[in-house]
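Here the structure comes first, spelled out in structure tokens, and everything after it is commentary.
The values are calculated or read from the model by the stated rules, or taken from the named source; none is laboratory data. Nothing here was measured: the structure is a model prediction, and the numbers come from that model. As a convention, Cβ positions derive from the backbone with ideal geometry for all residues, glycine included, and neighbour counts pool all protein chains shown.
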């Protein structure tokens, strides 16, 4: 914890650290770490699956009672389904909310079709029930409340919720640890590289990204090479002024004119294409 | 070459496409159909025996209700039957493909004095009755129905439907209109004469200008049609201009009705302009359209009356008298009939306003105006802010003094309602429009007029500024002004109060006190009071469309928005405390609210939680004390420092370290509870929870500068999205002040999106931007001032916007420069370029550009995708249609309103239902879901380890600290479940309601590329039931049941 405090304080003092190489390295590293994490995760997942498999098996183990229940439920369900075919009208009313989009105006015929379909479904359902007696326990498979199982569902989320909140001190400690180890790694890597470079007699030159710092980030005062750049700019503009304007020669004007026409033409073509697409999408029918 | 190019600018191209689509070209088959039908009509008329005795017995009810004293004649066949109207000038505009024919009533059937006392009207009707009887027996005619001429019940016409039909004109019919050419002496029908003896006041007769004009109109029909035919003959452009005008007017149902425009009047106005050389042969149709609208909207001539004949001089006195009798006077070329005698004053000002708005569109948006003018439906139900429907079925008050005198009783009633509302609402409204359609075709007019009140009377009100519209006190006349006080008291009844005001004035007044969050109901109360008092209507017959959807925004009976001021106050305290923190190395320089609740666009802005206070509990703990609290996002910025690390991982970690420090400081200095995880820090203050986030500008600068590669964007995602959020928040905040309706409309829209399970498809910010678009680019409408109108327009915008081919640019204060617009256009082209052939998978499917996001990266880059958008559009369209119906048609059933927010489950492959009592905020749930299709795959028991409310034991325990510690911050099982599912089941697409719905819809995702499909072949082949079981397993303790609705098709 102290360390992170230090870290932050260091920021306040205007010590400048050069960490040009850090970025490259860091990215590599994070890649590695990600890959590692991924593997771990996968492993964990498979584990989870195993566990859940067990649970399922346990459930299937004591299905004798379950099956009874299921059978009863199934019966009830069948009744429900039969009852439900009748009030199709009702369900239609619900449909008004949003499902109209497909049915459009030819309601009646569709309704009939729907009825038929419903009937068919019910029929096939019945066949299902009669034929696949073995499958019964699969229908309306029962989920436990999961209160004893921390790997899935509500219990897992609650556990995670509490695990994620170990208190400010612990969290700060974690961040400190992370930053320390992170820095150590960086340091090590830097050393390694230096050692490598020294071995071969080479120095590593790293491409510097971004513009050169010309202003101090805190005060906004121009630093370093700001002035020369401005001067260079000045020179180039002066040079430019001496160059010939773009519309000096007649051929330039002609070309510009032609370009304009071509542009207009292409825009026109584009418009035409667009309108064709719009026509295809029936955007011109105001009713 | 240049000329050709300019001639074919996009607008012209679009207009010519529109004409192709709409203009019914008279093909040979259509001509034949018309000719056949007309000759069939001729034949059956020829079968009528000459000299047939016709008496009032044919239609006793009609003759009685119209008040005619004599009506017998001997039938004689008409001497003249000709096609007229739009067919004769070749300007039929689809979909209305009716053809008019004129049928001249023979002079022999009428007496010289039949212009008196509605005798003409009675005989006219009896004549048609006879014809109808014979037409019905013709084999080539399938149906004959009554209709009325421009909704004037005393002037019925016949609609004749032929037995054969062609596909070009599926609902073809012929309208038979009788004319009365030279039946009567024109001078007898002078506007200042009385021709209805019953019309008198205190013994002296009153002039009957409308009645007279009603007869004069029939007398001049033939000539006027001949005149139109001559003007339009051989002038294709004029006919096309007429079609454009018709299309324009039909999209505006408030001006294309009986008391305003119709096709005939548009043709007349066009030919007026042509004869007065305002339109000439060199003009293109669109130009004529523009000239006509300009004439309608801006011409000063309307105030003096329009006269066709230039040479005939009319005395100034006559002009004045004409204008006094009618608000609009357009005198035809031959007689001196006013062709616009039906146009009412309010209708005409409405028309002028529409014309001006359209001209504005044309001037402002160039070719983009095409959609606004010709294809956007500016109908009654989307145009106004407040709607009233009066059910007047069987209400005798309407015709207590007879059905027809000078004017018809329905028109008089319209006027009465209009005047009452205008007086009662005063400057709260911009305009009041009252329309009562009477003639539902197919009614049997023979029995009289008493059935003509079946349709409801509809009133549309445009509100003026919200400060005026929702004013609490109306100040009337001073107490000294006796007469005015008396009048005021008479109008308001017991509602009038004598009050003393702050400036010392003592005056009559009306007070409509109410809570802040029900201010939008003030108008409703006034209307109800006025109508009940003056029209002796019962309240059940008055339906007002204002608050029907408010139920979806209430939380425990009140609108949670009422806590908004309190919340803002708390936020200010938080800001002050944050800024004053000393024991953190960098000072906090900037605090900005990001959460929608802090700009009143959240559906459920939180109420203060009694356990989230620093000291003690804020008030007594109720039985239903929630065990969860939603945090509100707040962004902070720290003062600059050169010592930030340079790689993203460390930056984020450093941010967390800072946040922990800040939280700790707040906790130790102010006793605010701080709840932290590795990624976020939440602090609790006065009943609210705030999640703090740090925006680091440097990381952002890296992204924004040119070096940002795809990779960099990904790496610095956190800061970039935070930046977008902050820009968005401040932009939206700017809308609240000028548009008070914005907040409620957004909330309704969000509620709709969520209840149709689109939470994953449409981000909250996207909804806010879409609604913002409605407000900043309101043309061709006026800015919406009510939640329901705004909501309807939102649905229509979603359904009708051309998402594939147009970017939506939300330009808040006109602050986008042309170069910005060009940049947006280029970005849009780029996004659509790769998909020239295939428009199925464009991304972003919804291109939303703002000043802070010109490439639509912020909110819609990944969702909705084309498939989701398609679904959204379909849902929006059907909801919009339903809402339109609910506004205009008589449905007092509140269930139908709920249907707008109830989603059907048959559009999903499978549905997961959750335990409603395990949702963190069970009261946010609108309706408990029920699935009655498909079969149940799994059922689950509820977990006992979580409850959204504290148990009674906990509450009784009185150990406050313990309770406070138990309060869970930002615990949302639904979100956690969805994340788990997304990780584990990649082949399933999830649809859910993040606001607190208890259902998750599942569809099998087949959108993946072929390669992916091959990879997951094994997965795909997995039987859906076992997948669903897995889905159920993943939400143990939360899932109530899993239903398989559709078995996936094998492809």
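Say we look at the stretch B:80-120 and pick out the residues that are in contact with a strand residue (DSSP E or B) (Cβ under 6 Å, 6 or more places away or on another chain) and in a loop (DSSP other than H, G, I, E, B); which of these is surrounded by the fewest Cβ atoms within 10 Å (Cβ to Cβ)? Show your work before the answer.
Step one: of the stretch B:80-120, the residues in contact with a strand residue (DSSP E or B) (Cβ under 6 Å, 6 or more places away or on another chain) are B:80-85, B:87, B:97-105, B:109.
Next cut, in a loop (DSSP other than H, G, I, E, B) only: B:80, B:97-98, B:105.
Working: B:80: 12, B:97: 20, B:98: 18, B:105: 23.
Filtering the stretch B:80-120 for residues that are in contact with a strand residue (DSSP E or B) (Cβ under 6 Å, 6 or more places away or on another chain) and in a loop (DSSP other than H, G, I, E, B), the one surrounded by the fewest Cβ atoms within 10 Å (Cβ to Cβ) comes out as B:80.
Output yes when any residue across the stretch B:240-255 is more than 27 Å from the chain's Cα centre (by Cα), surrounded by fewer than 23 Cβ atoms within 10 Å (Cβ to Cβ), in contact (Cβ under 8 Å) with a residue 12 or more places away in the chain and in a helix (DSSP H, G or I), and no when none is. No; the residues of the stretch B:240-255 include none that is more than 27 Å from the chain's Cα centre (by Cα), surrounded by fewer than 23 Cβ atoms within 10 Å (Cβ to Cβ), in contact (Cβ under 8 Å) with a residue 12 or more places away in the chain and in a helix (DSSP H, G or I).
Within the stretch B:287-303, residues that are free of Cβ contacts under 8 Å to residues at least 24 places away in the same chain have Cβ atoms under 8 Å from residues that are exposed (fewer than 14 other Cβ atoms within 10 Å of the Cβ) in no pair, counting only partners at least 6 apart in sequence or on another chain.
Is one or more of the residues making up the stretch B:870-881 over 27 Å from the mean Cα position of the chain (by Cα) and either modelled with pLDDT under 90 or buried (at least 19 other Cβ atoms within 10 Å of the Cβ) (or both)? Walk me through how you get there before you give the answer.
To start, the set of residues in the stretch B:870-881 that are over 27 Å from the mean Cα position of the chain (by Cα) comprises none.
Checked the stretch B:870-881: no residue is over 27 Å from the mean Cα position of the chain (by Cα) and either modelled with pLDDT under 90 or buried (at least 19 other Cβ atoms within 10 Å of the Cβ) (or both).
Filtering the stretch B:181-207 to residues that are modelled with pLDDT of 85 or more and touching a strand residue (DSSP E or B) at 6+ places or on another chain (Cβ under 8 Å) leaves B:181, B:194. For the stretch B:598-621, the criterion of a residue being within 27 Å of residue B:769 (Cβ to Cβ) and in a helix (DSSP H, G or I) is satisfied by at least one position. Within the stretch B:472-506, the set of residues being over 17 Å from residue B:420 (Cα atoms), in contact (Cβ under 8 Å) with a residue 24 or more places away in the chain and in contact with a helix residue (DSSP H, G or I) (Cβ under 9 Å, 6 or more places away or on another chain) comprises B:472, B:477, B:478, B:479. The residue that is farthest from the other protein chains (Cβ to nearest Cβ), among those in the stretch B:903-928 that are in a loop (DSSP other than H, G, I, E, B) and farther than 26 Å from residue B:607 by Cα, is B:909. Return a yes/no flag: does the stretch B:328-345 have any residue that is surrounded by fewer than 21 Cβ atoms within 10 Å (Cβ to Cβ), free of Cβ contacts under 8 Å to residues at least 24 places away in the same chain and not in a loop (DSSP other than H, G, I, E, B). There is at least one residue in the stretch B:328-345 that is surrounded by fewer than 21 Cβ atoms within 10 Å (Cβ to Cβ), free of Cβ contacts under 8 Å to residues at least 24 places away in the same chain and not in a loop (DSSP other than H, G, I, E, B).
Just name the residue that is farthest from residue B:789 (Cα to Cα) out of those in the stretch B:574-589 that are surrounded by 13 or more Cβ atoms within 10 Å (Cβ to Cβ) and either touching a residue at least 60 places away in the same chain (Cβ under 8 Å) or within 14 Å of chain A (Cβ to nearest Cβ) (or both). Result: B:585. Considering only residues that are touching a strand residue (DSSP E or B) at 6+ places or on another chain (Cβ under 7 Å) and without any contact (Cβ under 8 Å) to a residue 40 or more places away in the chain, which ones fall in the stretch B:399-429? B:422, the sole residue that qualifies. Checked against the criteria, residue B:632 does not count as assigned to a helix (DSSP H, G or I) and touching a strand residue (DSSP E or B) at 6+ places or on another chain (Cβ under 7 Å).
Kindly establish whether residue B:530 is assigned to a strand (DSSP E or B), within 29 Å of residue B:391 (Cα to Cα) and either within 33 Å of the chain's Cα centre (by Cα) or free of Cβ contacts under 8 Å to residues at least 12 places away in the same chain (or both). Against the criterion (assigned to a strand (DSSP E or B), within 29 Å of residue B:391 (Cα to Cα) and either within 33 Å of the chain's Cα centre (by Cα) or free of Cβ contacts under 8 Å to residues at least 12 places away in the same chain (or both)), residue B:530 does not qualify. Scanning the stretch B:239-253 finds one or more residues that are farther than 19 Å from residue B:274 by Cβ and at pLDDT below 90. Within the stretch B:647-683, the set of residues being at the interface with chain A (Cβ under 8 Å from one of its Cβ atoms) and either modelled with pLDDT of 90 or more or in a helix (DSSP H, G or I) (or both) comprises B:649, B:650, B:653, B:654, B:656, B:657, B:658, B:660, B:661, B:663, B:664, B:667. Taking the criterion of being facing another protein chain (nearest Cβ under 8 Å) and either free of Cβ contacts under 8 Å to residues at least 60 places away in the same chain or crowded, with 18+ Cβ neighbours inside 10 Å (or both), the residues of the stretch B:945-979 that qualify are B:946, B:968, B:971, B:973, B:976, B:977.
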